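Trainee: Okay, here's the structure, questions in a sec.
Bear in mind these aren't lab numbers, they're just calculated from the coordinates by the rules spelled out. Just so it is clear, the structure is predicted and the values come from calculations on it, not from any experiment. No Cβ is skipped: glycine too gets one built from the backbone with ideal geometry, and neighbour counts run over all protein chains shown.
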């Protein structure tokens, strides 16, 4: 098994981080361009956000396919196949000129985007020892956040200067380079034990995960947290485009540098979880998001940026610890357990915009924050429930 801080640890972790960067850069590249998409195709804010949420929806549903498949046939080959698919669909996006073609290709791209996220943590569970796993998952999720930042920065800058087609052309070239680097760096699986591909068994495993309260609560915490967090960013782009800020797509893209605090939170989440327990970290992350959302109500650009920095730290602390919790608490079918977590996570992303859109039409950003608080209070209660279960299990083991 791979131990922490060895050459093999850093080689595998770097490969997975590069692959993660590619996936999430492609997923999020349209988010700073939502006002541009709305203007170009003459659609509403909610309709323009579908170019983002349709990819998260097909990604989330496809995770249910890739996780069990990788339990049967292996990890690295499937991840490479899907990375090639991402590169090809991004190339096709560069050639499209109408909104419906954009949506179709983004939906197809979501299918390929699911491959690496569904399998990466399972690969680490196979190859890394327990201490290395907790550290590597935090670093890997940091790669997720850096990919999200990079995609949005590229989307804002390239969209402003090259348009939508030019943005996707550059992303396709970058995706090809990252796929080649991933192929060269990632060590082959040495501890993977294939299991027969049995649909009934897969359904039974997923059913077992869903009735496991320790897993189900973490699924709900991760999904509902992303439900709020990522869609707040979609609506804040429309706030900053209009009076009194009048920011262009290029500068809206820079807004996503606030994810850097989330990168830091992910990297230290393993250490914090060892000290305070993972459920406590999830609850703390939720409270931090509530605080950051409140700060964004101060009507200055600086306050909004500070609030989003706080939000990103809180969200990624919650997400990192919830994801690691699933890997450590799944008794069997670790890939399917991780896939279910990510399915909840991305379905949350694809549906949260509909929930927040109701508040947006009622009272713009102030109402969006109020709607966010309602959901975050529910998440906090779920975290407390998980904390109680964790305490009971510790007492039982003594």
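Trainee: What is the Cα convex hull volume of region 323-368 when expressed per residue in Å³?
Mentor: For region 323-368, the hull spanned by Cα atoms encloses 70 Å³ per residue.
Trainee: What is the Cα centroid distance between region 260-289 and region 36-99, reported in whole angstrom?
Mentor: One Cα centre to the other: 29 Å.
Trainee: Moving to a separate point now. Given region 255-308, what whole percent of its Cα pairs are spread farther than 13 Å?
Mentor: Every Cα pair in region 255-308 considered, those over 13 Å come to 64 percent.
Trainee: To continue, here is another question. I need the P(r) histogram for the chain: all alpha carbon pairs, bin width 20 Å from 0 out to the longest distance, whole percents.
Mentor: Calculated over all Cα pairs of the chain, the distribution is 30, 60, 10, 0 percent.
Trainee: Quick one: compute the contact order of region 297-398, relative version, from alpha carbon pairs under 8 angstrom and 6+ residues apart, as a percent.
Mentor: Relative contact order here is 18 percent.
Trainee: Full extension from residue 268 to residue 47: what is 0.36 nm times the residue separation minus their Cα-Cα distance, to one decimal in nm? Let's see the in-between values first.
Mentor: Values: separation 221, 0.36 × 221 = 79.56 nm, distance 3.70 nm.
Contour length minus Cα-Cα distance gives 75.9 nm.
Trainee: Evaluate 2.2 N^0.38 Å with N set to the residue count of region 146-281, then give the Cα radius of gyration divided by it.
Mentor: 1.44
Trainee: Once the piece of chain linking residue 358 and residue 204 is laid out straight, how much longer is it, given 0.36 nm per residue of separation minus the C-alpha distance between them?
Mentor: Details: separation 154, 0.36 × 154 = 55.44 nm, distance 3.71 nm.
Stretched fully, the residue 358-residue 204 segment lengthens by 51.7 nm.
Trainee: Please grab the % of Cα pairs in region 260-361 that end up more than 23 Å from each other.
Mentor: 35 percent
Trainee: Between residue 301 and residue 130, what FRET efficiency follows from the Cβ-Cβ distance if R0 is 41 Å, with the result rounded to 0.05?
Mentor: Efficiency, rounded to the nearest 0.05: 0.40.
Trainee: Here is a follow-up. Specify the residue with the greatest mean-square fluctuation among 368, 170, 23, computed from a Gaussian network of the chain linking alpha-carbon atoms under 10 Å apart.
Mentor: Residue with maximal mean-square fluctuation among 368, 170, 23: 170.
Trainee: Further question: May I ask you to sort 373, 325, 365 by Cβ crowding, counting other Cβ atoms within 10 Å and putting the fewest first?
Mentor: Working: 373 14, 325 26, 365 19.
Arranged by neighbour count, lowest to highest, 373, 325, 365 become 373, 365, 325.
Trainee: According to a simple spin-label model (label point 7 Å from Cα along Cα-to-Cβ), what is the distance in nm between residue 370 and residue 260?
Mentor: 3.5 nm
Trainee: Where does region 1-147 land on the Kirkwood hydrodynamic radius, alpha-carbon pairs, in angstrom?
Mentor: Working: mean 1/r = 0.0620 Å⁻¹.
When all Cα pairs of region 1-147 are included, the Kirkwood radius is 16.1 Å.
Trainee: Could you give the semi-axes, largest first, of the ellipsoid that matches region 1-88, computed as the square roots of 5 times the alpha carbon gyration tensor eigenvalues and rounded to whole Å?
Mentor: For region 1-88, the semi-axes come out at 33, 16, 10 Å.
Trainee: Kindly state, to the nearest 0.05, the FRET efficiency for residue 193 paired with residue 291, given R0 = 41 Å and r defined as their beta-carbon distance.
Mentor: Given R0 = 41 Å and the Cβ-Cβ separation, E is 0.40.
Trainee: May I ask you to list the residues of region 171-196 whose amide nitrogen lies under 15 Å from a point 7 Å from Cα along the Cα→beta-carbon direction of residue 11?
Mentor: 181-191
Trainee: Return a whole-number percent for the relative contact order of the chain, with Cα pairs under 8 Å and 6 or more residues apart as the contact set. It would help to have the intermediate numbers written out before the result.
Mentor: Values: 696 pairs, mean separation 102.2, N = 398.
Relative contact order here is 26 percent.
Trainee: Round to the nearest 0.05 the FRET efficiency obtained for residue 332 and residue 181 when R0 = 45 Å and r is the Cβ-Cβ distance. It would help to have the intermediate numbers written out before the result.
Mentor: Details: r = 33 Å, r/R0 = 0.73.
The value I calculate is 0.85.
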